[in-house]
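The next block holds one structure in the form of structure tokens; read it before the comments.
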Amino acid sequence: PSKFPPLATLNPQRHNLPLPLTPFIGREEWMAEWCELLRKTSLRLLTLLGFGGMGKTRVALHLAELCADDFHHGVWWVDLEEARTADEMFNRLAHHLSLHLQPQAAVKAQVLTFLRERKKLLVLDNMEQIVDGAAGVSELLNATRDLKCLVTSRRPLELQLEHIVEVPPLPGSDAEALFLERARARKPGFAITADNAADVSELCRRLEGVPLAIELAASRMIGMVPREVLQRLDQQFQLLQTRAPDL
């Protein structure tokens, strides 16, 4: 026991990252490139841009995990799906940072004071619906020196400090690996074989490498085979749907 190395786990006192429910698949080269961007001293704001279902949230979570050791005061996840204004964004920040708020001072002022001297990475997930979100992020960055923000959004914030990367579709091999992993989660005996390999490949191509669409198609492996899903893709808005509350 005295020689056993410490476990390579994130210190829970330096992050509040949600536990991933599924393995991260693919995009290794892009992840390495985006990690290097986050580590640049000159970069303060990195926006992961893409439409719904492209996997921005999952990419942001994995990026935060990979870069956690680069931030002395940790990485902090802020879910903004329910926020609509910058004030609500600051309320969510206070909640996720577990601040003990004083009733006599504004929440925004207390959040900015807390963050002013800290080297943190804030992951601001789902920014697109916050009407004055850009102004809120600008206040965060202007009031701090070492703070960085990693944002996921369907549209850019249009700030001067913003560095934008578009989250691309999964390439063929990664898309097929995701299909296989999610199909096995629903049907453990599922495998890509000589009989269905071409159908899986064509299915992923037709779905343009969009992770959410691939997951929904893979969920149909209960009671269907890849060729049947492929043949019914002209009905995709009836076929590619789910009752799962987290998809």
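The values are calculated or read from the model by the stated rules, or taken from the named source; none is laboratory data. None of the values given here were measured: they were computed from a predicted structure. As a convention, Cβ positions derive from the backbone with ideal geometry for all residues, glycine included, and neighbour counts pool all protein chains shown. Side chains are part of the model used for accessible areas, which takes the heavy atoms of the whole protein and leaves out ligands, DNA and RNA. Shrake-Rupley method; radii C 1.70, N 1.55, O 1.52, S 1.80 Å.
A compact table of results
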| read-out | value |
| --- | --- |
| Evaluation of V200 against (1) open to solvent by less than 80 Å² (accessible area, probe 1.4 Å); (2) at pLDDT below 90 (one fails), failing number | (2) |
| All positions within segment 222-242 that are modelled with pLDDT under 85 and charged (D, E, K, R) | D234 |
| Filtered residue count, segment 81-99, keeping only those that are over 18 Å from E128 (Cβ atoms) and within 20 Å of the chain's Cα centre (by Cα) | 3 |
| Index of the failed condition, N16 passing every other in (1) open to solvent by less than 10 Å² (accessible area, probe 1.4 Å); (2) over 18 Å from G136 (Cβ atoms) | (1) |
| Residue tally, condition open to solvent by 70 Å² or more (accessible area, probe 1.4 Å) and either under 24 Å from H72 (Cα atoms) or assigned to a loop (DSSP other than H, G, I, E, B) (or both), over segment 147-167 | 6 |
| Cross-chain or 6+ apart pairs with Cβ under 7 Å, segment 102-115 first and more than 16 Å from T85 (Cα to Cα), then open to solvent by 50 Å² or more (accessible area, probe 1.4 Å) and in a loop (DSSP other than H, G, I, E, B) | Q110/L101; Q110/Q102 |
| From E208, E181, E162, residue being within 27 Å of I130 (Cβ to Cβ) and among the charged types (D, E, K, R) | E162 |
| Filtered residues of segment 42-53 (kept if under 15 Å from L122 (Cα atoms) and part of a loop (DSSP other than H, G, I, E, B)) | L43, R44 |
| Segment 169-192, residues that are open to solvent by 30 Å² or more (accessible area, probe 1.4 Å), touching a helix residue (DSSP H, G or I) at 6+ places or on another chain (Cβ under 9 Å), not in a helix (DSSP H, G or I) and not β-branched (V, I, T) | P169, K187, A191 |
| Hey, R243 of a type in the set (K, R), open to solvent by 30 Å² or more (accessible area, probe 1.4 Å) and part of a loop (DSSP other than H, G, I, E, B) or not | yes |
| Test set (1) touching a residue at least 24 places away in the same chain (Cβ under 8 Å); (2) assigned to a helix (DSSP H, G or I) - A32 fails condition number | (1) |
| Verdict on D234 being charged (D, E, K, R), without any contact (Cβ under 8 Å) to a residue 60 or more places away in the chain, over 30 Å from H73 (Cα atoms) and outside any helix (DSSP H, G or I) | no |
| Number of the condition not met by G223 [criteria: (1) open to solvent by less than 60 Å² (accessible area, probe 1.4 Å); (2) farther than 30 Å from L141 by Cα; (3) of a type outside the set (V, I, T); (4) not in a helix (DSSP H, G or I)] | (1) |
